[in-house]
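A quick write-up on the structure given underneath.
Nothing in this text is a laboratory measurement; each read-out follows from the coordinates by a stated rule. A quick note: this is a predicted structure, and the numbers were derived from the prediction, not measured. Please note: Cβ atoms are built from the backbone with ideal geometry, for glycine as well, and neighbour counts cover all protein chains shown.
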Amino acid sequence: MNESRITLYLQLIGVFAPLSLLSFGGGQSIIADIHKQSVDVFHWVTQAQFVDLFAISRAAPGPGALFTTLIGWHVGGWMGALVASLSLFVPSSILAYAVARMWNRHGDKPWFSQIQRALIPLACGLILAGAYAVLSSSSGGISIWVIALVAAALFMKFDKINPLPTLFVAGVVQALVRAWL
Amino acid sequence: MAQVEQAVIPEDELASELAPAPFADVVWLFVRIGLTSFGGGLSAWLYREVVGARRWMKDEDFLGALTMSQVLPGANVINLSIYVGHRLHGGVGAAAALAALLLPPMVVVIFIAMLFQHVGNVPWLHNFLEGIAAAAMGMTIAMGLRSGRRALANGRWSFGVIAAVFVAIGVLRWPLVPVVLVLTAIALVFARKKRTIE
């Protein structure tokens, strides 16, 4: 393993491990920062590659957090994928494990629900900011926004629909729009 | 979360006794959910299987853990899986649930990316994926709006926090760490008193 590889792994850890503990509201909330670090700061991926990898992680099964796996894989192969994934999953998982053990002892205390109430609007703001960051950095034009908003309305209205057909139709629509306009 | 609320199973269908959860069955369930969950909804699926179909956990136990997994940093379903695994088989169960949920789709997603790279830079494929990403962002927006509705139920101050986070992170692209720390401190002050239900 040469020095540049080690530097890369340390950079991946340096970016994703702190984000792990800041990803309130799920992986969505740190997308804006992942975008900034991996495209603008470290140039691990280009803007177009970022959007492609993001779409692949959504189209594939598993948690959306696997997007991080793809960034690591793109810049550092299988080992990069492993390092990036562990950096993102391990810190928050250790915290979750510790809290899971405490949960039954303190779940009914008032300070617990205070923290809960405080973090809900933060999660909400971060989730919406992440969506905004991805959409506004997309090269797909106005149709991207229309698709996102129509899909949002659809998913709000129908809780239980399988998202796959919607995602597929959205892909076809965007491909057709770009081919004709 | 909203999906789970709708999937609540009537009490009379729930056995008071919990069924045993063999280790191999637990691991297999997490492998299956990890590999078949296109586009999200993993928590709701876990609920149906763990509480409903298999009766491994009690309803209130699971829903309490669901709340916790949303408050904590990290992907919700990952935190939830750690809790369920820990509940059923201790520390080893938590680690096994996490590995079973993540490792198979990790390999699959990389193979899909390799395939994509192999096919090369085809414009329509890029546009197709961009459309998928946009719809997935629609799903994210829907989730954000739902959590916003829940936040506003705790008081109108929530709107100020939501707007401040959105502008600072989404529009101005300020660094995440200080923004979250400062706004969490402010939000904790506002969240001191529980709002009486009107």
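Show me, for segment A:120-125, the HN-Hα J-couplings you get by feeding each phi into the Karplus relation (A = 6.51, B = -1.76, C = 1.60, θ = phi - 60°), rounded to Hz, glycine and proline as x.
Residue by residue, segment A:120-125 yields 4, x, 4, 4, 4, x Hz.
Summing -39500 (n - 2.57) over the DSSP H runs of n ≥ 4 in chain A and dividing by its residue number, what mean residue ellipticity at 222 nm do you reach, to the nearest 500 deg cm²/dmol? Walk me through the numbers before you get to the answer.
Working: 7 runs with 139 residues, N = 181.
Calculated from helices alone, the mean residue ellipticity at 222 nm is -26500 deg cm²/dmol.
Provide the per-residue ³J(HN,Hα) series for segment B:177-186, in order, calculated from phi with Karplus coefficients 6.51, -1.76, 1.60 and θ = phi - 60°, each as a whole number of Hz, with x at glycine and proline positions.
Each residue of segment B:177-186 in turn: 4, x, 4, 5, 4, 5, 6, 5, 4, 5 Hz.
Can you give the average number of partner chain beta-carbon atoms within 10 Å of each beta-carbon in peptide B:150-156, as a whole number? Walk me through the intermediate numbers first.
Working: counts 5, 9, 3, 2, 6, 2, 0.
Counting Cβ atoms of other protein chains within 10 Å of each residue's Cβ and averaging gives 4.
Would you report the distance distribution of C-alpha pairs in the protein assembly as shown as whole percents per 20 angstrom bin, up to the bin with the largest distance?
Spelled out bin by bin, the protein assembly as shown gives 29, 60, 11, 0 percent.
If you rank A:52, B:61, B:25, A:40 by fewest surrounding Cβ atoms within 10 Å, what's the result?
Working: A:52 23, B:61 18, B:25 14, A:40 10.
So the ranking, lowest neighbour count to highest, is A:40, B:25, B:61, A:52.
Tell me whether segment A:1-123 comes out rounded, prolate or oblate; compute the Cα gyration tensor, take square roots of the eigenvalues as a ≥ b ≥ c, and use a/c under 1.5 as the rounded threshold.
Values: a/c = 2.36, a/b = 1.84, b/c = 1.28.
In terms of gyration-tensor shape, prolate.
Averaged over A:66-76, how many beta carbons belonging to a partner chain fall within 10 Å of each residue's beta carbon? All intermediate terms of the calculation are to be shown ahead of the outcome.
Working: counts 8, 1, 2, 7, 6, 0, 1, 5, 3, 0, 0.
Partner-chain Cβ atoms within 10 Å, mean over residues of A:66-76: 3.
Long-range amide H contacts for residue A:24: which residues qualify at under 5 Å (H placed 1.01 Å from N, peptide plane, sequence gap of 5 or more or a different chain)?
Hits under the 5 Å cutoff: B:74.
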